[in-house]
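Everything on this sheet refers to the single structure shown next.
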Amino acid sequence: EPEVTQTPSHQVTQMGQEVILRCVPISNHLYFYWYRQILGQKVEFLVSFYNNEISEKSEIFDDQFSVERPDGSNFTLKIRSTKLEDSAMYFCASSEDQGTNEKLFFGSGTQLSVL
Amino acid sequence: AQSVTQLGSHVSVSEGALVLLRCNYSSSVPPYLFWYVQYPNQGLQLLLKYTSAATLVKGINGFEAEFKKSETSFHLTKPSAHMSDAAEYFCAVRVTSGNTPLVFGKGTRLSVIA
């Protein structure tokens, strides 16, 4: 079965540094998402992306966050200046459709640790 | 706004016993409801989903869930647990109108004891 791949699996960074989390969605999918899970808490929605623009974003997704689909295959999440509270598991997901036929495929995540 | 509550962060069952993972939702409009499973070092995988067709939904690996509007519940069950069912299970909700994202619960870790 096709899968969403995320790199790196673990990322350690210093507070204030920029990080880029990378995702390769399934090739024929049109909708892309980033979610995160802080240890012991809910999986939280960050942003959805369709037709080369953000379609929805949460309150978490402030000016420090940005997403990009630079080359038609990768889907990246950039955090401009990381904070301690950004430490979490970040999941990328993609789907071919929305609504009744929606099925999100998730990557295995990138564990981000901000020191 | 929609939300889900999963009762019990950790459930432990014996191999062969019934699995019951509880999920209650809150939504002002008809919801779509989902169960996802996460095995160690893997991404979330869709187990099953309710999209306003049959209220009893069958998924992969012998799991099923029943949508009960009167109880605002969507509990996940499996008649007989297998060791390979040990994983984290997430309930999620999405409203049927508009382009709204999935909202997840906190997850329930299922342990299966031999």
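The values are calculated or read from the model by the stated rules, or taken from the named source; none is laboratory data. All of these numbers come straight from a predicted model, not from anything done at the bench. Every residue, glycine as well, gets a Cβ built from its backbone with ideal geometry; the counts of neighbours run over all protein chains shown.
Side notes on the structure shown:
- Residues satisfying the stated conditions in region B:58-71, i.e. within 20 Å of B:Ser3 (Cβ to Cβ) and surrounded by 17 or more Cβ atoms within 10 Å (Cβ to Cβ): B:Ala65, B:Phe67
Results for (1) part of a strand (DSSP E or B); (2) more than 14 Å from chain A (Cβ to nearest Cβ); (3) over 20 Å from A:Ser58 (Cα atoms), shown as yes or no for each residue.
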residue: B:Glu66; (1), (2), (3): yes, yes, yes
residue: B:Phe90; (1), (2), (3): yes, no, no
residue: B:Pro101; (1), (2), (3): no, no, no
residue: B:Arg109; (1), (2), (3): yes, no, yes
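For every residue, the table says whether it meets (1) surrounded by fewer than 14 Cβ atoms within 10 Å (Cβ to Cβ); (2) more than 21 Å from A:Gln17 (Cα to Cα); (3) at pLDDT 95 or above.
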{"position": "A:Ile60", "(1), (2), (3)": "no, no, no"}
{"position": "A:Phe65", "(1), (2), (3)": "no, no, yes"}
{"position": "A:Ser73", "(1), (2), (3)": "yes, yes, no"}
{"position": "A:Ile79", "(1), (2), (3)": "no, no, yes"}
{"position": "A:Thr82", "(1), (2), (3)": "no, no, yes"}
{"position": "A:Ser95", "(1), (2), (3)": "no, yes, no"}
{"position": "A:Asn101", "(1), (2), (3)": "yes, yes, no"}
{"position": "A:Leu104", "(1), (2), (3)": "no, yes, no"}
{"position": "A:Val114", "(1), (2), (3)": "no, no, yes"}
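- Filter pass, B:Val95 being within 14 Å of chain A (Cβ to nearest Cβ) and under 19 Å from A:Ala93 (Cβ atoms): yes
- Residue within region B:69-77 that is more than 8 Å from chain A (Cβ to nearest Cβ), touching a residue at least 40 places away in the same chain (Cβ under 8 Å) and in contact with a Gly (Cβ under 6 Å, 6 or more places away or on another chain) present: no
- Test: residue in region B:11-31 that is out of contact with any strand residue (DSSP E or B) (no Cβ under 6 Å at 6 or more places or on another chain), farther than 25 Å from A:Ala93 by Cα and within 14 Å of another protein chain (Cβ to nearest Cβ): no
- In region B:2-36, the residues that are outside any strand (DSSP E or B) and either within 10 Å of the chain's Cα centre (by Cα) or modelled with pLDDT of 95 or more (or both): B:Glu15, B:Gly16, B:Ala17, B:Leu18
- Region A:97-115 - residue that is in a strand (DSSP E or B) and β-branched (Val, Ile, Thr) and, of those, farthest from the chain's Cα centre (by Cα): A:Val114
- Some residue of region A:77-96 being β-branched (Val, Ile, Thr) and closer than 30 Å to B:Ala53 by Cα: no
- Screening the candidates A:Ser108, A:Ser95, A:Ser113 for the property of being within 11 Å of chain B (Cβ to nearest Cβ), within 20 Å of B:Asn41 (Cα to Cα), touching a residue at least 60 places away in the same chain (Cβ under 8 Å) and hydroxyl-bearing (Ser, Thr, Tyr) yields one hit, A:Ser108.
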